[in-house]
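Heads up: the structure comes next, in structure tokens.
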Amino acid sequence: MTRIELITSRDGLDDDTAAVFDWVVESRGQMLRPFEVLLHAPALAQPVAELGHVVRYESRLDPADRELAILTAGKAHGCAFVWDSHLDHARQAGVREEAISVLAAGPGALSVREQTLVGFVRSLVAGSAVDDDTYNSAASLLGSAGVVELATIVGYYTMLGYAMSVAEAC
């Protein structure tokens, strides 16, 4: 049982909320958990979904890097929904099984690239900032634009995780 009722159907919604519900379903192919919560604030739900589209489909980051960052953020926030909904995407994008295992259970080896990405995400989630060494490693790997995109991915999935966590829907 969630704290906030999930909006899983357009039945009983006012016209504005129903329009956003329809837009989310059309853009995603189905209603997804974060938007079942966010539809309680329909003025936020559509812009959040639009940002999510940019984060997922218009990012210049390598898809495996992006999905590794998403899994890391989901795990760091304890949001099973983010983890579960991106696990297949991560595998399809080429995230190594060993890296997934490290995120899931801890032991194992990450490549230098994976260590850089996971370290950046974990630091940002833990303290809302990264130290100079963590930043420099990520900037060396991704460039300034890539670091901005990586931080934005973390922020986006943090936002979704917080909304779902407050609703006890994570």
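The values are calculated or read from the model by the stated rules, or taken from the named source; none is laboratory data. For clarity, every value in this text was computed on a predicted model and none was experimentally measured. In this analysis, Cβ positions are derived from the backbone assuming ideal geometry, glycine residues included, and neighbour counts consider all displayed protein chains.
Brief remarks follow.
- Residue in segment 109-116 that is crowded, with 19+ Cβ neighbours inside 10 Å and either closer than 17 Å to Tyr157 by Cα or at pLDDT 95 or above (or both) present: yes
- Candidate set from segment 49-64 (those that are hydrophobic (A, V, I, L, M, F, W, C) and surrounded by fewer than 18 Cβ atoms within 10 Å (Cβ to Cβ)); member that is nearest to Tyr156 (Cα to Cα): Leu51
- Residue in segment 83-96 that is over 28 Å from Glu50 (Cβ atoms), modelled with pLDDT of 95 or more and not assigned by TED's automatic domain parsing to the domain that holds Phe35 present: yes
- Of all the numbered requirements in (1) closer than 16 Å to Tyr156 by Cα; (2) of a type in the set (Val, Ile, Thr); (3) touching an Asp or Glu at 6+ places or on another chain (Cβ under 6 Å), Thr72 misses one, and that requirement is (3).
- One residue alone among Leu44, Leu68, Leu39 is assigned by TED's automatic domain parsing to the domain that holds Leu160 and not basic (Lys, Arg), and that residue is Leu68.
- Subset tally (residues that are outside any loop (DSSP other than H, G, I, E, B), crowded, with 21+ Cβ neighbours inside 10 Å and of a type in the set (A, V, I, L, M, F, W, C)) for segment 152-170: 5
- Considering residues of segment 1-48 that are under 20 Å from the mean Cα position of the chain (by Cα) and among the polar types (S, T, N, Q) only, the residue surrounded by the fewest Cβ atoms within 10 Å (Cβ to Cβ): Gln30
- Residue within segment 139-152 that is over 30 Å from Asp16 (Cβ atoms), acidic (Asp, Glu) and free of Cβ contacts under 8 Å to residues at least 40 places away in the same chain present: no
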